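Encoded as structure tokens, the structure appears first; notes follow it.
The values are calculated or read from the model by the stated rules, or taken from the named source; none is laboratory data. These numbers come from a predicted model, not from an experiment. Cβ placement follows ideal geometry from the backbone for every residue including glycine, while neighbour counts extend to all protein chains displayed. Side chains included, ligands, DNA and RNA excluded: accessible areas come from the protein's heavy atoms. Shrake-Rupley method; radii C 1.70, N 1.55, O 1.52, S 1.80 Å.
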Amino acid sequence: MVDERVIGYVEGYGPGSYFTGRRELFDAQLHGDLQRGISRIKDKDGSWVSDAIVLNGGYEDDADDWYSVLYTGASRDKDKYTEGGVTKLKCSQSWDYRDNAALKLSYERGHLVRVVRGYEGEKRYSPGKGYRYDGLYEITDVRTAISKSPAPDGSEIEICQFDLERIPDSLQEVPGVERHTVEAVRREEEERERDTEKFPGVRSSWVQRMVRDSALIRRIKKLYDHECQICGLRLVDPDGKPYSEGAHIKPLGKPHYGPDVEPNVLCLCPNCHVLLDVGAVVIEDDWSIVLQAGLFGVNPRSKLRVHRSHKVHPGYVRDHRERWQSAPTADQPAP
């Protein structure tokens with residue numbers, strides 16, 4: 001059977017695509033193994049490289065910050081154990097081990113890898129259940145590092161460590177053959193911005209990305225049947241089609257760099273979306289809704305409605321609240 005998988009973007013599956021289990025992920029050609037964290041595929045010359053990884057708990061030396069990932073390589077099952085819910089190693093890892101060698105060769109050849117997050121991963125970014133494809137990442141560095149925990153005999157453990165960085169959203173769904181052209185135009189546009197005086201108004205961009213709901217935002221809207229989590233309003237147009245908006249608690253992009261993940265998204269009506277974005281509404285750690293301004297006609301719930309399947313992360317709520325509660329007012333301008 002010919003391997004139908006590809007390196008990079010898989011047509012039909014953008015970031016946010018959700019899968020109930022590893023079999024669905026495998027059938028979608030996004031990850032080529034039902035158990036291992038590192039997926040392998042043969043390159044054009046027949047060499048094994050890696051096309052995808054799964055973040056789902058992993059080792060204690062892993063670190064996931066959405067835009068950047070510190071990833072520990074693979075080991076045989078007999079060479080690792082679990083202690084206190086944390087996966088640790090009995091002995092050092094090897095660059096000769098098939099999965100580590102494949103991921104390292106992808107780094108050397110400049111291949112992008114698909115990153116999938118599972119329900120047991122970092123809670124700020126992981127789905128409450130199942131698996132979610134989160135886009136293409138570049139492997140920016142590899143190294144031999146020392147694990148946080150020693151071996152059972154007290155000796156140091158060497159691990160195969162990888163740095164990964166998420167590529168811009170504008171390049172996530174661009175085939176590899178076109179990506180270099182789009183990236184060159186994007187860089188030129190950024191240089192143009194730096195060298196040009198900024199004037200108010202609308203600036204046309206050479207590279208544009210259609211603004212649309214991601215797959216995960218559509219799932220959140222469906223979960224609440226388009227009912228606003230803050231005020232309970234459910235808008236329906238004359239044709240009977242409901243309307244709601246996906247609101248990111250921690251905004252996407254500069255300077256906040258919030259992630260496009262379920263724990264950072266609320267289903268809101270347009271009014272409450274604006275109120276959240278301008279800090280007129282904040283949310284306490286117990287989900288209590290607080291109005292920070294006198295708002296005519298606004299009748300929010302006492303507490304945010306949170307569906308049992310929607311794991312809103314308190315870190316994003318806290319970040320939003322602290323940002324707006326510390327913001328200068330008109331009577332107290334910023335220095």
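For ARG124, the conditions (1) modelled with pLDDT of 95 or more; (2) open to solvent by 30 Å² or more (accessible area, probe 1.4 Å); (3) more than 22 Å from ILE159 (Cβ to Cβ) all hold with the exception of (1).
Please verify whether the range 127-135 includes one or more residues that are under 19 Å from GLY37 (Cα atoms), at pLDDT 95 or above and open to solvent by 30 Å² or more (accessible area, probe 1.4 Å). The answer is no, given that none of the residues of the range 127-135 is under 19 Å from GLY37 (Cα atoms), at pLDDT 95 or above and open to solvent by 30 Å² or more (accessible area, probe 1.4 Å). Within the range 256-274, restricting attention to residues that are open to solvent by 10 Å² or more (accessible area, probe 1.4 Å) and in contact with a Leu (Cβ under 7 Å, 6 or more places away or on another chain), which residue is farthest from TYR18 (Cα to Cα)? My answer is ASP260.
Only one of GLY58, GLY12 is farther than 26 Å from LYS221 by Cα, open to solvent by 30 Å² or more (accessible area, probe 1.4 Å) and modelled with pLDDT under 95. Can you tell me which?
That would be GLY58, the only listed residue that is farther than 26 Å from LYS221 by Cα, open to solvent by 30 Å² or more (accessible area, probe 1.4 Å) and modelled with pLDDT under 95.
For GLU173, are the conditions met, namely being open to solvent by 10 Å² or more (accessible area, probe 1.4 Å), out of contact with any Gly (no Cβ under 6 Å at 6 or more places or on another chain) and not in a helix (DSSP H, G or I)? Here the answer is no, as GLU173 does not meet what is asked. Among the residues in the range 28-46, are any of a type outside the set (Phe, Trp, Tyr), buried (at least 16 other Cβ atoms within 10 Å of the Cβ), under 30 Å from ILE217 (Cβ atoms) and out of contact with any strand residue (DSSP E or B) (no Cβ under 8 Å at 6 or more places or on another chain)? Yes, some residue in the range 28-46 is of a type outside the set (Phe, Trp, Tyr), buried (at least 16 other Cβ atoms within 10 Å of the Cβ), under 30 Å from ILE217 (Cβ atoms) and out of contact with any strand residue (DSSP E or B) (no Cβ under 8 Å at 6 or more places or on another chain). For beta carbons closer than 7 Å, sequence separation of 6+ or different chains, a first residue in the range 74-85 that is within 25 Å of ALA101 (Cβ to Cβ) and at pLDDT 90 or above and a second that is part of a loop (DSSP other than H, G, I, E, B) and small (Gly, Ala, Ser), the qualifying pairs are ALA74/GLY37. Annotation: of all residues in the range 28-59 being outside any strand (DSSP E or B) and among the polar types (S, T, N, Q), the one that is farthest from ARG117 (Cα to Cα) is SER47.
If you go through the range 67-84 one residue at a time, how many are over 22 Å from VAL113 (Cβ atoms) and open to solvent by 70 Å² or more (accessible area, probe 1.4 Å)? Of the residues in the range 67-84, 5 are over 22 Å from VAL113 (Cβ atoms) and open to solvent by 70 Å² or more (accessible area, probe 1.4 Å). When the residues of the range 238-255 are narrowed to those that are assigned to a loop (DSSP other than H, G, I, E, B) and open to solvent by less than 60 Å² (accessible area, probe 1.4 Å), which ends up modelled with the lowest pLDDT? Among them, the one singled out is GLY253.
Here VAL49 does not qualify as out of contact with any His (no Cβ under 9 Å at 6 or more places or on another chain), in contact (Cβ under 8 Å) with a residue 40 or more places away in the chain, among the β-branched types (Val, Ile, Thr) and surrounded by 15 or more Cβ atoms within 10 Å (Cβ to Cβ).
TYR316 fulfils the conditions (1) surrounded by 14 or more Cβ atoms within 10 Å (Cβ to Cβ); (2) hydroxyl-bearing (Ser, Thr, Tyr); (3) in contact with a Leu (Cβ under 9 Å, 6 or more places away or on another chain) except for a single criterion, (3).
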